[in-house]
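S.K.: Sharing a structure, written as structure tokens. Questions coming.
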Amino acid sequence: MPLLSVDSLQVRYGAVEAVRGIGFEIHPGEIVAFLGANGAGKSSTLNALAGLVPVASGRVVFDGTDITHHAPERLAPMGMTLTPEGRRIFGTLTVEENLRMGAYGVSDRAEMDAAWARVYELFPILFERRSQYAGTLSGGQQQMLAVGRSLMSNPRLLLLDEPSLGLAPKIVEQIFELIGVLRDQGVTLVVVEQNVAMALEIADRGYVMSGGRIVSSGTAGDLSQADRLQAAYLGAE
Amino acid sequence: MDLFLQQTTNALALGGTYALLALGLAVVFSIMGLINFAHGELMTIAGYVLMYCGIAGVPFVVSVPLAICASMVAAVLMERIAFRPVRNGSGATMLITSFAVAMILQVLFQNFISARSQAVLLPAFLSDSFKIGGMVIGVNKIVAIVATVVMLIFLDRFMNHQKTGIAMRAAAEDFAVARLMGIRANTVIAGAFALSGLLAGVAAVLWVSQRASVDPLMGFTPVLKAFIAAILGGLGSLRGAVAGGFTLGFIEVYLAAFLPPELQEFRDPIGLCIVVVLLLFRPNGLVPSSVLKAVKV
Ligand SMILES: Nc1ncnc2c1ncn2[C@@H]1O[C@H](COP(=O)(O)OP(=O)(O)O)[C@@H](O)[C@H]1O
Ligand SMILES: [Mg+2]
């Protein structure tokens with residue numbers, strides 16, 4: 001059974017139709033990449049899944065539950081969360097407070113302790129900087145905090161929107177390494193990326209979006225060869 | 001010198017009350033972008049509870065918490081009934097809604113209670129005063145200062161150490177992402193209103209204890225002052241609200257005390273001019289909100 005299945009998803013902002021009826025499935029344990037040029041509708045898709053923007057039509061089912069019109073706050077407790085584009089950490093909160101907010105819905109003491117241990121183990125730098133305001137962190141550290149904050153709710157499905165955006169190559173490598181580690185820890189991942197080569201290297205499968213539609217899909221191996229990938233980027237420019 | 005110290009005490013008392021009111025406005029504004037002009041009517045409600053308690057002979061130690069609770073409950077109901085339906089509307093829509101709420105409440109007070117000012121029975125000790133050296137200081141002033149300090153400490157603890165308080169700061173910075181964390185929008189907003197009701201209730205007790213009367217329009221002047229204080233401090237910034245409240249209190253009290261008699265008539269306009277000049281130098285307020293309000297999904 002797929003962990004997430006999406007059927008005819010449509011997202012609109014007023015007259016703008018950002019996502020034009022797409023469908024896909026994510027299976028447990030996978031890393032799935034979403035590729036495509038700027039404005040293709042990738043963020044709109046993830047934001048709609050997470051409930052940040054309303055679904056105009058279509059159906060989203062997570063782990064057997066219809067979440068199409070769920071408010072965003074209901075999803076983290078169900079085991080699905082989004083690390084949004086641009087990190088959007090709470091800059092006026094300390095690192096520790098950011099992480100504490102990530103675990104907002106967790107009430108089980110043992111689960112909470114495990115989440116702290118896991119995040120500080122993955123990101124020792126966050127432990128070092130725990131009482132610092134998050135706004136004072138470097139870009140790479142902020143991205144780690146954004147991912148760490150998402151992990152505090154112990155998600156089974158994590159949606160990552162452009163985690164490597166604007167980061168130095170060395171940090172980008174760390175982020176991709178982290179994605180692999182998370183998969184090994186049993187997290188299913190959907191990753192939106194501009195860095196196509198690296199994304200296809202780590203992903204099992206991928207979807208290519210253009211103009212609000214999925215124009216190509218397949219295994220990472222297939223996609224890295226397909227001409228259609230280039231077409232999707234060039235076509236939308 | 002004694003006169004100066006005495007006026008400083010008065011300024012602290014008045015500024016503290018403004019600060020509490022401005023904080024109430026700021027807490028709600030920072031989270032939902034609403035300037036709640038009906039905040040003053042929360043004060044009026046608390047004032048009427050004090051009045052009725054006085055008539056019924058309820059002891060002051062009981063009537064004060066009752067009045068504060070009434071203001072909190074009223075604030076939460078206000079959000080439920082009036083502001084929730086327009087939550088996703090523009091700032092202007094919400095602002096006009098708050099005017100409507102204020103006016104409806106004023107009319108209700110006028111028709112069901114009294115259009116005139118009513119006396120509030122207060123314990124005698126509040127109108128006492130004592131002498132330190134050459135200063136004469138009213139007990140009510142000291143009570144106001146102490147109450148303000150207690151509230152500021154409480155608020156600081158709540159916003160920095162309680163999970164709900166931290167969630168309110170997170171929501172003030174990025175509401176959508178706060179919801180992603182599982183922070184319920186309704187809970188934070190209701191919490192913000194409850195907090196603003198608490199602050200308005202305490203401010204009302206202090207306000208009434210300086211005047212011993214309550215009338216249907218009682219809340220208007222202080223909330224207008226609080227609004228000015230909040231702008232002066234930096235709208236949406238909690239530290240700013242405190243700074244703005246005290247600054248305004250000092251400006252008003254010092255002008256009243258030290259302006260020559262022939263200029264006293266122009267006290268309020270002169271005070272506002274000082275505020276405007278301060279804003280010219282610090283357009284974002286004395287302690288600007290560190291959160292730049294960007295339009296985010
Ligand atoms: N909040 C918004 N309001 C209006 N249009 C938007 C908004 N967000 C995105 N869009 C539009 O929707 C389309 C898809 O954008 P987006 O989902 O951000 O694409 P991507 O993440 O693939 O770059 C673009 O044409 C963009 O201009
Ligand atoms: Mg995007």
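The values are calculated or read from the model by the stated rules, or taken from the named source; none is laboratory data. Everything numeric here is computed off the predicted structure, so don't read it as measured data. All Cβ positions, glycine included, derive from the backbone under ideal geometry; neighbour counts span all protein chains shown. Ligands, DNA and RNA are stripped out before the accessible areas are found, and what is left, the full protein with its side chains, is counted by its heavy atoms. Shrake-Rupley method; radii C 1.70, N 1.55, O 1.52, S 1.80 Å.
S.K.: Consider B:Val136 carefully, then state whether it is at pLDDT below 95, open to solvent by 50 Å² or more (accessible area, probe 1.4 Å) and not in a helix (DSSP H, G or I). Spell out the reasoning first.
M.R.: Working: at pLDDT below 95: yes; open to solvent by 50 Å² or more (accessible area, probe 1.4 Å): yes; not in a helix (DSSP H, G or I): yes.
In short, yes.
S.K.: Considering only the range B:44-85, state which residues are farther than 16 Å from B:Ala190 by Cα and over 21 Å from the mean Cα position of the chain (by Cα).
M.R.: The answer is B:Tyr52, B:Cys53, B:Gly54, B:Ile55, B:Ala56, B:Gly57, B:Val58, B:Pro59, B:Phe60, B:Val61, B:Val62.
S.K.: Can I ask one more? Can you tell me which of A:Gly105, A:Gly58, A:Gly14 is at pLDDT below 95 and away from ligand 1 (no atom under 12 Å from the Cβ)?
M.R.: Working: A:Gly58 fails: at pLDDT below 95; A:Gly14 fails: away from ligand 1 (no atom under 12 Å from the Cβ).
It is A:Gly105.
S.K.: Hey, A:Thr68 hits all of (1) more than 21 Å from A:Thr219 (Cβ to Cβ); (2) touching a residue at least 40 places away in the same chain (Cβ under 8 Å); (3) among the hydroxyl-bearing types (Ser, Thr, Tyr) but one; which does it fall short on?
M.R.: It is condition (2) that A:Thr68 fails.
S.K.: Surrounded by fewer than 17 Cβ atoms within 10 Å (Cβ to Cβ) and within 16 Å of ligand 1 (Cβ to nearest atom), is that true of A:Asn47? Lay out the reasoning, then the answer.
M.R.: Values: surrounded by fewer than 17 Cβ atoms within 10 Å (Cβ to Cβ): no; within 16 Å of ligand 1 (Cβ to nearest atom): yes.
Judged against the criteria, A:Asn47 is not a match.
S.K.: For the range A:148-190, name all the residues that are within 10 Å of the chain's Cα centre (by Cα) and within 16 Å of ligand 2 (Cβ to nearest atom).
M.R.: Answer for the range A:148-190, where residues must be within 10 Å of the chain's Cα centre (by Cα) and within 16 Å of ligand 2 (Cβ to nearest atom): A:Leu159, A:Leu160, A:Asp161, A:Glu162, A:Pro163, A:Val190.
S.K.: Could you figure out which of (1) touching a residue at least 60 places away in the same chain (Cβ under 8 Å); (2) away from ligand 2 (no atom under 16 Å from the Cβ); (3) under 29 Å from A:Glu201 (Cα atoms) isn't true of A:Gly41?
M.R.: If we test A:Gly41 against (1) touching a residue at least 60 places away in the same chain (Cβ under 8 Å); (2) away from ligand 2 (no atom under 16 Å from the Cβ); (3) under 29 Å from A:Glu201 (Cα atoms), just (2) comes out false.
S.K.: Can you go through A:Ser131, A:Ser150 and tell me which one is buried (at least 17 other Cβ atoms within 10 Å of the Cβ) and within 13 Å of chain B (Cβ to nearest Cβ)?
M.R.: Working: A:Ser131 fails: buried (at least 17 other Cβ atoms within 10 Å of the Cβ).
It is A:Ser150.
S.K.: Scanning the range B:8-32 for residues that are in contact with a helix residue (DSSP H, G or I) (Cβ under 7 Å, 6 or more places away or on another chain) and open to solvent by 30 Å² or more (accessible area, probe 1.4 Å), which turns out nearest to B:Ala190 (Cα to Cα)?
M.R.: Restricting attention to the range B:8-32, the residues satisfying the condition of being in contact with a helix residue (DSSP H, G or I) (Cβ under 7 Å, 6 or more places away or on another chain) are B:9-28, B:30-32.
Add one more test, that the residue is open to solvent by 30 Å² or more (accessible area, probe 1.4 Å), and what stays is B:10, B:12, B:14.
On the way: B:Asn10: 34, B:Leu12: 30, B:Leu14: 28 Å.
The residue in question is B:Leu14.
S.K.: Among the listed residues B:Phe83, B:Phe99, B:Phe130, identify the single one that is among the aromatic types (Phe, Trp, Tyr) and surrounded by 15 or more Cβ atoms within 10 Å (Cβ to Cβ). Even if it seems obvious, please write down each step before you answer.
M.R.: Values: B:Phe99 fails: surrounded by 15 or more Cβ atoms within 10 Å (Cβ to Cβ); B:Phe130 fails: surrounded by 15 or more Cβ atoms within 10 Å (Cβ to Cβ).
None of the other options fit; the residue is B:Phe83.
S.K.: When only residues in the range B:172-185 that are in a helix (DSSP H, G or I) and within 9 Å of another protein chain (Cβ to nearest Cβ) count, which is farthest from B:Leu23 (Cα to Cα)?
M.R.: Of the residues in the range B:172-185, the ones in a helix (DSSP H, G or I) are B:172-173, B:175-180, B:185.
From what's left, within 9 Å of another protein chain (Cβ to nearest Cβ): B:172-173, B:176-180, B:185.
Numbers: B:Ala172: 14, B:Glu173: 17, B:Ala176: 23, B:Val177: 24, B:Ala178: 22, B:Arg179: 24, B:Leu180: 27, B:Ala185: 20 Å.
If we take residues in the range B:172-185 being in a helix (DSSP H, G or I) and within 9 Å of another protein chain (Cβ to nearest Cβ), then B:Leu180 is farthest from B:Leu23 (Cα to Cα).
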